[in-house]
Amino acid sequence: MSEYEYQQQVEELERRSATAARLFDIRRIIGGLFVVYGVIVTIAGITASDADLKKAQDININLWTGIGMLALGAFFLVWVKLRPVAPPPPPAEEILDEHPNP
């Protein structure tokens, strides 16, 4: 295997690694779960009966909690879009190879 082929394989692995890091960013997972559960709890709040409201002193706690969860989930997902995961810096030896001392 030549040096060029080896370098191409390393660059491909680095691209895959960066893609995997963005895919499994914890903010995306947390945001997605909050949105899904927020939708479920909001629907439960919208369909609450009068008996359910009386138990909670006429406060529709499911509706308010669901809206809060939706807002928090949206915050995490917007955060992922505005501040994506930065790729890892190159190793020091690559930097030295690119810029040798004169």
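The table for this structure:
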| read-out | value |
| --- | --- |
| Ala48, sole failed condition from (1) in contact (Cβ under 8 Å) with a residue 12 or more places away in the chain; (2) assigned to a helix (DSSP H, G or I) | (2) |
| Contacts under 6 angstrom Cβ, first residue in region 8-35 being farther than 30 Å from Thr65 by Cα and of a type in the set (A, V, I, L, M), partner modelled with pLDDT of 65 or more and surrounded by 13 or more Cβ atoms within 10 Å (Cβ to Cβ), 6 or more apart | Ala21/Val85 |
| Qualifying positions in region 23-45 - assigned to a helix (DSSP H, G or I) and among the aromatic types (Phe, Trp, Tyr) | Phe34, Tyr37 |
| When residues of region 57-92 are limited to those that are in a loop (DSSP other than H, G, I, E, B) and surrounded by 12 or more Cβ atoms within 10 Å (Cβ to Cβ), the one modelled with the highest pLDDT | Asn60 |
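The values are calculated or read from the model by the stated rules, or taken from the named source; none is laboratory data. Worth saying up front: this structure is predicted, and the values here are computed from it rather than measured. Methodologically, a virtual Cβ is constructed for each residue, glycine included, from the backbone with ideal geometry; neighbour enumeration extends over all protein chains shown.
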